[in-house]
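Asker: One structure is given below, represented as structure tokens, and several questions about it will come after.
Just so it is clear, none of the values below were taken in a lab; they were calculated from the coordinates. As the structure is a computational prediction, the values presented were derived from the model and not from experiment. Reconstructed Cβ throughout: ideal geometry from the backbone, glycine too, with neighbour counts over all protein chains shown.
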Amino acid sequence: MEIKKHKNLIVLLITACWVAVTLSGWYGHWFFGLCLSVVLMLLHMVLGAAQNGIISKKLLIYPLLSWAVLWILGFIVGEYYSKAFLGQMPSFTVFGFHPSFSAIILAYWVGGVLTLTLGLLYYSKEWLSDEAWDTFKKRIAELNGEQANN
Amino acid sequence: MSSGVRYLIVFFSLGMILVSFLIGWSAKKKASDVQSFFGGTALFGPVTVGLSTVAAVASAFAVVGVPGLVYGAGNTMNLWMLSSCAFAMAYFAVGKKIRAMAEVGPIASLGDISDLRFNNHRGIKAILSIVLFMGAIAYLASQISACTALFAHLLGWNPYVAGFFIFGILTLYTAISGEVGGVMTQAFQGLIMVVAGIIMIGAFFMITGGFANVLEVVSKAGTVTATVDGQELVKQFTPKAMDAWGAMPGAIALTWMFIPILGTMGQPQVLTRIYALKDPRDMPKLSLYAGLGHFIIGFFALTMGYGALYLVGKGLIPPLANNDNAIFAVADYVGVVAQLFVYAAILAASMSTASMFLTLSSNIISRDLPTALGLKLEGSKQMNISRATTFIIGSIAIIFALTSGEAVAILGTFGWGTLMSATFPVFIIGLAWKKASSQGVMAGLTVALVLNITSLLLNRSGFSWPGGLPWYVNVITAAILVTVVVSLFTKGAADEEIDPRVDAVIDL
């Protein structure tokens, strides 16, 4: 998926997200800010992971979008059970954790590693292929040569 | 604690300091040129860089402060510590571009990358250096202060003796071997932290029987009181501490989720390690190793906080007079092996972070700032000056940390957020967006510098930011906003004015 033409827009969205997350904190809408910060992180990663202005669809679906959906779902479940058992001991646990915090453990912590960390490993070529790296090095050698001649 | 245990801790700690010194000493052969001495550039594999990165990121605060905060307010702080995927996020966002810059020119510091990206803009390099120095010296002084106080108290040593012994040796091997020694010793110290973490996680399960028991105790304990040495100690438990957001306000939960995750990509201890990696195609493996190391250390901190909550809630130990004692309370309850590994982990965390920020601050003073001011020195002279600077900064930092407790605490305001406010405009925005102009980044950095100092003064006067949001969130947002808005209307070092080699890096 080509993003080259949309880079200005992505950077403006990143900036808008930073401002909106901060204002969410100011005005007490912290949970909205929490979910919006996932979009902010996703935009930073999309911008950085693109090769020659193109982000691989595989990379976009898994790990990037899978991670974003997982985290937002995790936060929603965490908030739901936080409210459901407010001020009391929960009636059930997940792996011994408060059900609200278990969403953080499973989606945020373990899920984050299973998507982003393993996804980067699994789709490493989509992130930086051998060909792209070799071409880059060749191009830099050429440019350095041109500079030396000038 | 019996004197036998104290001797064992001394023996164990001395062993760790000695091994660190030997690693640092042996690394000096590798520190043969400017790139290796100042940056360890393109020298290491993913395991070494991964352990080094984790050790430098996980400071003494992660091992001591975090369990204390978990004991005090429950899971809010765990959002910070369970950010293990942040390394992968950092490498997605900026990893290959930072590493690729090391192919473009001789990269030995973050200032060198700034030079290449912004066509040797001296103002950007100077302000970047100043803000990074503020954050670095704050980290360095707080590591020395906390670690020295702990070991001086434990061993009954004069704090000056303890401080100069531990951090004097650290300064020596750092000066000799530069960043090469830094990376290698930090990798060893990271390994110690991981091993200590595994042992203490096992100890947690032995004493509590698992998380369900902790949840039950915390939910039902109510208020626990005890009188110790004539002092009444109280711990109020709340079930809220155990839900996803803990007992702190929502704005803090928000901040402690997104700032550590995004902030990881803006920490010098992560950025400088990226260009220390030999082959950039190994970065996914680096992400795995750093993520797994952090996974264990994060879980270690969580279980120590939970362990203290369980022991106090069950009435097995009295409430803690100081929340920062949480990890020691658990270690003391478990016994001698736990005590040995907990002190080793704290020493490793302090030393690794201190050596990272010692090299960063001395590189800034001896190399980046002088070149920003137009002073250029030949390579071997730079290295010799840097060695002398390391000695001077190390010695001053030790004396400052031991004599100016209040000033260290004030300076401690700077840290993670301060470093982010400087690195985001220059590297995270600058290496991802060709339109980021030198004027925009200069304006963003100036805002960061002014607001960091203003926030320090405002905090001292008791000023509260809207919504109770920590000050650094506002500063980082302002720096990014100004960088982007000014870049939209200016052209310096942007688009066609970018060095074609840097253009290729941004496209990579």
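Asker: For a Förster distance of 45 Å, can you work out the FRET efficiency between the beta-carbons of residue B:29 and residue A:84, rounded to the nearest 0.05?
Answerer: 0.15
Asker: Compute, for the protein assembly as shown, the length of the dipole vector about the Cα centre, with Cβ point charges of +1 (Lys, Arg) and -1 (Asp, Glu) only. Units Debye, rounded to 20.
Answerer: 380 debye
Asker: Putting +1 on Lys and Arg Cβ atoms and -1 on Asp and Glu Cβ atoms, find which of B:289, B:5, B:101 reaches farthest to the positive end of the dipole of chain B.
Answerer: Comparing the listed Cα positions along the dipole, B:101 ranks first.
Asker: Would you compute, from DSSP H runs of 4+ residues alone, the mean residue ellipticity of chain B at 222 nm, taking -39500 (n - 2.57) per run and dividing by the full residue count, rounded to the nearest 500?
Answerer: When only DSSP H runs of four or more count, the value is -22500 deg cm²/dmol.
Asker: Follow-up question, since we're still on this one. In degrees between 0 and 90, to the nearest 10, how far off the longest principal axis of chain B does helix B:379-403 point, with axes built from Cα atoms?
Answerer: 30 degrees
Asker: Within chain B, what's the longest run with no trypsin sites (Lys or Arg not before Pro) in a DSSP loop and at most 14 other beta-carbon atoms within 10 Å? Give the range, please.
Answerer: B:1-375
Asker: Could you work out the pair-distance distribution P(r) of segment A:1-55 from its alpha-carbon pairs, with 5 angstrom bin width and percents rounded to whole numbers?
Answerer: Pair shares across the bins are 5, 21, 26, 19, 13, 9, 5, 2, 0.
Asker: Out of A:122, A:111, A:66, whose Cα points farthest toward the positive end of the dipole of segment A:64-150 (charges: +1 Lys, Arg; -1 Asp, Glu; placed on Cβ)?
Answerer: Farthest towards the positive end: A:111.
Asker: Given springs between every Cα pair under 10 Å in a Gaussian network model of chain A, which of A:74, A:48, A:119 has the largest fluctuation?
Answerer: Result for chain A, Cα springs under 10 Å: A:48 fluctuates most.
Asker: With just the Cα atoms of segment A:40-150, tell me how far they stretch along each of the three principal axes, in Å, largest first.
Answerer: Principal extents (Cα only, largest first): 75, 23, 21 Å.
Asker: Among B:459, B:313, B:258, pick out the residue whose Cα is farthest towards the positive end of the charge dipole of the protein assembly as shown, where Lys and Arg carry +1 and Asp and Glu carry -1 on C-beta, about the Cα centre.
Answerer: B:258
Asker: Express in % the proportion of alpha carbon pairs of chain B at distances exceeding 35 Å.
Answerer: Roughly 31 percent, rounded to a whole number.
Asker: Over segment B:240-279, what lengths in whole Å, largest first, do the semi-axes of the equivalent ellipsoid take, defined as the square roots of 5 times the eigenvalues of the alpha-carbon gyration tensor?
Answerer: 32, 10, 6
Asker: Mind checking the dipole of segment B:243-338: about its Cα centre, +1 per Lys or Arg Cβ, -1 per Asp or Glu Cβ, Debye to the nearest 20?
Answerer: Its charge dipole is roughly 280 debye.
Asker: Run the simple label-point estimate for residue A:146 and residue B:278 please: 7 Å along Cα→C-beta, distance reported in nm.
Answerer: For the pair residue A:146/residue B:278, the computed spacing is 3.2 nm.
Asker: Also, I was wondering about something else. Hey, with R₀ at 60 Å, roughly what FRET efficiency would residue A:27 and residue B:231 work out to, going by the Cβ-Cβ distance, to 0.05?
Answerer: Approximately 0.90, to the nearest 0.05.
Asker: How shielded is A:88-95 by partner chains, expressed as the average number of their Cβ atoms within 10 Å of its Cβ atoms?
Answerer: Mean shielding by partner chains, rounded to a whole number: 3.
Asker: Subtract the Cα-Cα distance of residue B:459 and residue B:11 from 0.36 nm times their separation in residues, and report this length gain in nm to one decimal.
Answerer: Net length gain for the segment: 157.1 nm.
Asker: Next question. Below 8 Å between Cα atoms, with a sequence gap of 6+, how large is the relative contact order for segment B:319-469 in percent?
Answerer: 14 percent
Asker: Can you give the charge dipole size of segment A:64-150 about its Cα centre, rounded to the nearest 20 debye, using +1 on the beta carbon of Lys and Arg and -1 on the beta carbon of Asp and Glu?
Answerer: Around 300 debye, computed over segment A:64-150.
Asker: Hey, in the GNM for chain A with a 10 angstrom Cα cutoff, which one of A:64, A:118, A:12 fluctuates hardest?
Answerer: Result: A:12 has the largest fluctuation of those listed.
Asker: Counting only Cα atoms, I'd like the Rg/Rh figure for the protein assembly as shown, Kirkwood definition for Rh.
Answerer: 0.96
Asker: Using label points projected 7 Å from each Cα along Cα→Cβ, tell me how many nm separate residue B:375 and residue A:134, to one decimal.
Answerer: Label-label distance for residue B:375 and residue A:134, simple model: 4.7 nm.
Asker: Normalising by the residue count of segment A:64-150, find the relative contact order in percent from Cα pairs under 8 Å and 6+ residues apart.
Answerer: 32 percent.
Asker: Once the Cα atoms of helix B:159-208 and of chain B are each reduced to a long axis, what angle between those two axes, in degrees from 0 to 90 to the nearest 10, is obtained?
Answerer: 40 degrees
Asker: Evaluate E = 1/(1 + (r/R0)^6) for residue A:110 and residue B:213, where r is the Cβ-Cβ distance and R0 equals 25 Å; express this FRET efficiency to the nearest 0.05.
Answerer: 0.70
Asker: Using a/c under 1.5 as the rounded threshold, could you call segment B:334-474 rounded, prolate or oblate? The axes a ≥ b ≥ c are square roots of the C-alpha gyration tensor eigenvalues, and prolate needs a/b larger than b/c, oblate otherwise.
Answerer: Verdict is oblate for segment B:334-474.
Asker: In addition: Take every Cα pair under 8 Å in segment A:1-55 that's 6+ residues apart, average their separations, divide by the length, and report that relative contact order as a whole percent.
Answerer: Normalised by residue count, the contact order of segment A:1-55 is 52 percent.
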